[in-house]
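Beneath this line is the structure, given in structure tokens, with notes to follow.
Nothing in this text is a laboratory measurement; each read-out follows from the coordinates by a stated rule. Note that the structure is a prediction, hence the values are computed from the model and not measured. Glycine also receives a Cβ, built like all others from the backbone with ideal geometry; neighbour counts cover every protein chain displayed.
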């Protein structure tokens with residue numbers, strides 16, 4: 001498709017939207033890469049450590065027992081991290097994976113606000129608010 | 001089986017899901033989910049939680065390249081996320097409610113039906129006649145839903161503008177619901193919103209869909225996580241396998257004919273989907 005802003009396709013053209021700087025794209029791509037690397041490193045190390053610590057445990061046990069439930073309690077999670085519980089590091093890897101797109105949204109919000117792009121700042125802020133509502137309100141509500 | 005065998009088999013499942021998901025364009029979760037349910041006997045909500053983790057991993061793997069090439073349209077992607085994120089939150093909440101109401105079997109039947117519904121679009125992908133893009137509507141003009149990208153093959157800058165924003169938002173909301181409810185990326189539906197309704201070029205639609213999938217997946221995963229349905233011992237190995245598989249798939253993709261690959265693997269996914277339905281009906 002080749003749409004000229006002044007073509008009949010757009011009978012009442014508005015000014016072109018503010019161009020999103022290349023640096024914003026690069027920063028978001030960098031956040032994705034870093035988040036994935038951190039998550040994969042944590043998950044790899046923790047899976048190896050978990051299999052070393054519980055070599056004879058059955059798959060049925062792990063299907064019916066979710067160690068992450070215990071780590072939803074933040075003091076317990078911190079304690080297990082400090083004591084070197086490998087399942088706590090598995091949970092940390094999962095948190096890193098889920099947090100990556102959220103951090104990408106936050107980095108975008110910062111970049112748009114910095115460049116004074118009000119429309120994108122508003123949109124990105126709304127998406128971030130929805131994500132936080134999901135985590136802090138909807139999740140605990142339906143739990 | 002013991003934990004070591006379990007982890008190895010989960011990683012191999014992830015590799016298969018990553019390769020087949022990237023070669024068919026269906027995404028890793030569509031392959032991993034039915035295998036987890038049928039072969040490993042993982043309950044539906046935990047399988048959906050693992051599925052969303054693979055969605056997040058594949059989105060981060062490929063999303064970085066699309067962003068670097070400026071193929072993902074941030075403005076349009078963020079605009080549609082206003083619809084996909086609430087959809088994912090409602091979909092994931094519905095899953096939790098249905099599981100609490102002892103209706104996991106109904107979810108399995110619905111998952112099988114959703115998987116089967118993805119197949120015709122996958123087979124026909126790229127063969128539909130290109131229709132005239134819609135004219136930008138008032139919402140599109142107000143939010144500046146237009147952009148441009150450099151097409152390497154044609155060596156020219158392609159400009160585009162989004163139209164039919166209301167139906168596109170509706171489809172995006174439904175895509176988010178499907179993603180949150182069943183633990184899949186729902187990329188097929190997001191591309192439908194972006195390409196068919198907004199009228200974006202296919203490359204931009206695919207890249208923007210990938211951009212959106214990560215945020216939608218995070219929304220659904222956060223609800224399932226707090227509800228206790230994201231099990232890292234199941235999801236972790238699947239994620240590692242999927243990342244390796246998706247990377248391998250992207251390397252071998254240029255050497256394979258897409259149509260051949262689809263005809264090879266799509267029947268396998270169809271059989272798995274039927275197995276999931278039968279399991280939901282208590283037949284298998």
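Of note:
- Distance between the stretch B:50-69 and the stretch B:154-185 - C-alpha centres, whole angstrom: 16 Å
- Counting every other Cβ atom within 10 Å of each residue's Cβ, B:203, A:53 order from fewest to most as A:53, B:203.
- Approximating the spin labels as points 7 Å out from Cα along Cα→Cβ, the residue A:49-to-residue B:69 distance works out to 3.8 nm.
- Folded to 0 to 90 degrees: helix A:22-53 orientation relative to chain A principal axis, Cα: 10 degrees
- Approximate shape of chain A as ellipsoid semi-axes (Cα gyration tensor, √5λ), whole Å, largest first: 43, 17, 15
- Candidates B:170, B:27, B:220, ranked by Gaussian network fluctuation over chain B, Cα under 10 Å, top entry: B:170
- Inter-part distance where the stretch B:209-243 and the stretch A:68-142 are each reduced to a Cα centre, Å: 12 Å
- With the simple spin-label model, which puts each label point 7 Å out from Cα in the Cβ direction, the residue B:139 to residue A:78 separation comes to 4.4 nm.
- Residues B:195, B:275 in ascending order of nearby Cβ atoms (within 10 Å, fewest first): B:275, B:195.
- Helix axis angle, B:104-124 relative to chain B longest principal axis, alpha carbon, degrees: 40 degrees
- In whole angstrom, the stretch B:53-109 maps to an equivalent ellipsoid with semi-axes of 31, 15, 7, each derived as √(5λ) from the alpha carbon gyration tensor and ordered largest first.
- Highest-MSF residue in chain B out of B:268, B:30, B:230 [GNM, Cα springs under 10 Å]: B:268
- Rounded to the nearest 10 degrees, the angle from helix A:118-133 to the longest Cα principal axis of chain A is 20 degrees.
- Cα gyration tensor shape for the stretch B:1-107, rounded if a/c is under 1.5, else prolate or oblate: oblate
- Highest GNM mean-square fluctuation among B:141, B:164, B:70, for chain B modelled with Cα contacts below 10 Å: B:141.
- When every Cα-Cα distance of the stretch B:81-209 is counted in 5 angstrom steps from zero, the calculated P(r) takes the values 2, 10, 17, 20, 18, 13, 9, 6, 3, 1, 0, 0 percent.
- Rounded, prolate or oblate (a/c below 1.5 giving rounded, otherwise prolate when a/b exceeds b/c) for the stretch B:1-43 by Cα gyration tensor: oblate
- Gyration tensor verdict on the protein assembly as shown (Cα atoms; rounded if a/c is under 1.5, prolate if a/b is larger than b/c, oblate otherwise): prolate
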